[in-house]
Structures are given as C-alpha cells and as structure tokens.
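Heads up, the thing below is written out as structure tokens.
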Amino acid sequence: MKFAANQLRQTVLRMAFAGSTVHIGCAFSIIEILAVLYRSYLNLGNGQPESPGRDYLILSKGHGVMAQYACMYELGWLTDKDIDNYFGDGTILKGLSDAHVPGLEVSSGSLGHGLSVGVGIALASKIKGTGQRCFALVGDGEINEGSIWEALLFASHFQLSNLLVIVDANGYQAMGTTQEVMNLGQIADKFRAFGFDCREVDGHDEKALYQVFQELLELSSSCPKAVIAHTVKGKGVSFMEDNNVWHYSRLNREIYAQAKAELEPQVYKDKLSL
C-alpha cells in the first residue's frame, strides 16, 4: 500500500536513529493524516515537488517534519542516502520544516506563523483563480499563539474556501499537556465561532479521515474548513504512546530495535493486504 502508515513510521525511526535526533512522538501523531492527504487529496501537479499547479501542504508544526520526509521518500523525492544521512554532513534536511527543501512549502518550527503563510497562499490562489487548495497542519499546542487566531479571522473574512486547516490534537506540547499549559477548551467550537466549517475525527482512522476530508471538500460553502484530528502522541509504538518523554528523547540501538520490532508485524500485514 502506498503511504502505509507503519512503513512511514519505520522511515521516521530510521531517520531519527541515523541522526540521533528528537521529535519522534510528534511525527508519529500525524502519520495517518499525511498518508491520506498524499494518497488521496493532494494534487501534485506534474508530480514534481515544485510543480506550478500543485496544491500546497503547509506543515506549520514543523518539528513533525520527519513524517513529511517519510512521505517524500515514498514519492521518490528523497533517496536512501537522504534518509540514512539525516543530520549528517552535507545533508539539506533539517530537523524543522525548511522551505529551501523542495517539497516543503514553509520554514516553520517557530510555531504559529505557518498558518499565516498558508492563508496568504490560499488568498493568492483564489485571486488568481488557479483552483489550487491549501492544506495547513497545525498542532494543538501551537494554537496557543495569537497569530493563529488572527490568521483564522483573516481566512473567514476573505472566504477562503480553498483552505483546509487540520489540527493535530494530541493533547501535548513540549513541556506538558495542552490542558496544563493553556487549556484550549472545545477547539471545534472555537473554529466554528471563527466562521469555519469544522469537523472532528479520529486522526488515526484513515477511512474516517478520508470521509471527513471528502465531505468538507465537497461543500459548496464559501467558508474555510477545519478538521480537529484527535491523535495520540507517539502512536504506533507502545512505550512512546501518550508519553511526552518522546518529544525530546533520542534512540539508542537497543530502543531502536524494540521500536522496529513493534512496527514490523504491522508493516508485513499491510503488504499482505495489497
């Protein structure tokens, strides 16, 4: 299966181990979201990362970039050398989303501004009448930032119906739970109050994600759209799930082997279903 979720997780682990780097948990929580978008919804134009007719995917929570790199590897935009030399000498791949890397649309990781970039892109596409869509993926901790809400007001005012905001609602940010750091209350109600057509979904149920994206994208409404995707940080590896230690922890050889062993049976099962 193209963009099989646990194969993508294997690639993330491979990169994290090769580069002795962090942010595994926040990459794992967005795997299914990205898999469904790349497999079924993103118009990639001529199939090249900088195709002029492409839809735009804005990874505003740029610290989850290994998940997007894993999708780019599936597309052939990244090579085995890129994956195995992550954080190595001469690599162009950073630990945060960087617009200098073909296939990444925004430099992000200083959280809160990626959505503003996405809103600008959506407005430009609307003015030009290109039919291009913008999908912006933000974290629930990230939406503490005031710039997020300014961007949402702007999107609603200019009726950016070609904008779909996806919130990775995994309940955590770097230093604790979102409830502890800044209680967000009912996120979906806030988006609706800001003029968005909004739905909630299990962010690891690919069938449900497909259906809710389809439903929103088929709406004739002039409103911008949003999906609150309820996810589990570290999803896929039992000792990483719902464990915020894996925001900043690194893999050693033993832990890498343990994590791979958990994912490999599911990857094999996915291949059997082809």
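With a ≥ b ≥ c the root eigenvalues of the C-alpha gyration tensor of region 172-274, is it rounded (a/c under 1.5), prolate (a/b larger than b/c) or oblate?
Values: a/c = 4.05, a/b = 1.44, b/c = 2.82.
Verdict is oblate for region 172-274.
Just for the Cα atoms in region 90-170, what are the lengths along the principal axes, largest first, rounded to whole Å?
Between the extreme Cα coordinates on each principal axis of region 90-170 lie 42, 30, 18 Å.
Helix 206-217 sits at what angle to the longest principal axis of the chain, using alpha carbons and giving 0 to 90 degrees rounded to 10?
Value to nearest ten degrees: 20.
Tally Lys and Arg at +1 and Asp and Glu at -1 over the other residues with C-beta under 14 Å from the C-beta of residue 218: what net charge comes out? Each step should come with its number before you reach the end.
Values: positive: 133, 199, 225; negative: 197, 215.
Every neighbour counted, the sum reads +1.
Using Cα-Cα distances under 8 Å and only pairs 6 or more residues apart, what relative contact order does the chain have, in percent? Don't skip to the answer; put the middle values down first.
Working: 530 pairs, mean separation 66.9, N = 274.
Here the relative contact order equals 24 percent.
Tell me, rounded to the nearest percent, the portion of alpha carbon pairs in the chain spaced more than 33 Å apart.
Details: 5777 of 37401 pairs.
When every Cα pair of the chain is considered, 15 percent fall beyond 33 Å.
Among 92-98, 114-120, 26-32, how do they line up by average Cβ neighbours within 10 Å per residue, starting with the highest?
Values: 92-98: 17.6, 114-120: 23.7, 26-32: 28.6.
Sorting 92-98, 114-120, 26-32 by mean packing, highest first, produces 26-32, 114-120, 92-98.
Name the residues whose placed amide hydrogens come within less than 5 Å of the amide hydrogen of residue 139, ignoring near sequence neighbours (fewer than 5 apart) on the same chain.
61, 168
Give me the percent of the accessible area of region 1-111 that comes from carbon and sulfur atoms, probe 1.4 Å, all protein chains in place. Walk me through the numbers on the way to the answer.
On the way: 1820 of 3720 Å².
C and S atoms contribute 49 percent here.
Beyond 23 Å, what share of the Cα-Cα pairs of region 1-111 remains, rounded to the nearest whole percent?
Details: 1109 of 6105 pairs.
Summing the P(r) of region 1-111 above 23 Å gives 18 percent of all pairs.
Would you mind checking 190/235; 61/235; 94/207 for any pair whose Cα atoms are more than 20 angstrom apart?
Values: 190/235 26 Å; 61/235 17 Å; 94/207 31 Å.
Going by Cα-Cα distance, 190/235; 94/207 fall outside the 20 Å limit.
Just to confirm the filter: which GluC sites (Glu not before Pro) across region 44-105 are DSSP coil and have at most 11 other Cβ within 10 angstrom of their Cβ? Please report the intermediate quantities before stating the final value.
Values: sites: 50, 74, 105; in loops: 50, 105.
Answer in residue order: 50.
Provide the per residue accessible area, probe 1.4 Å, for region 3-261, rounded to a whole number of square angstrom.
Details: 10400 Å² over 259 residues.
On a per-residue basis, 40 Å².
Give me the net charge of residue 174's neighbourhood, meaning all other residues with Cβ under 13 Å from the Cβ of residue 174; Lys, Arg count +1, Asp, Glu -1. Can you show the working numbers first?
Details: positive: 61, 233; negative: 140, 142, 180.
After counting each charged neighbour, the total is -1.
In whole percent, what relative contact order does region 10-73 give with Cα contacts below 8 Å and a gap of six or more residues? All intermediate terms of the calculation are to be shown ahead of the outcome.
Values: 52 pairs, mean separation 26.3, N = 64.
Computed value for region 10-73: 41 percent relative contact order.
The values are calculated or read from the model by the stated rules, or taken from the named source; none is laboratory data. Note that the structure is a prediction, hence the values are computed from the model and not measured. Because the Cβ atoms are built from the backbone with ideal geometry, glycine has one as well, and the counts that use them run over all protein chains shown. Just the protein is used for accessible areas: all its heavy atoms, side chains included, with ligands, DNA and RNA removed. Shrake-Rupley method; radii C 1.70, N 1.55, O 1.52, S 1.80 Å.
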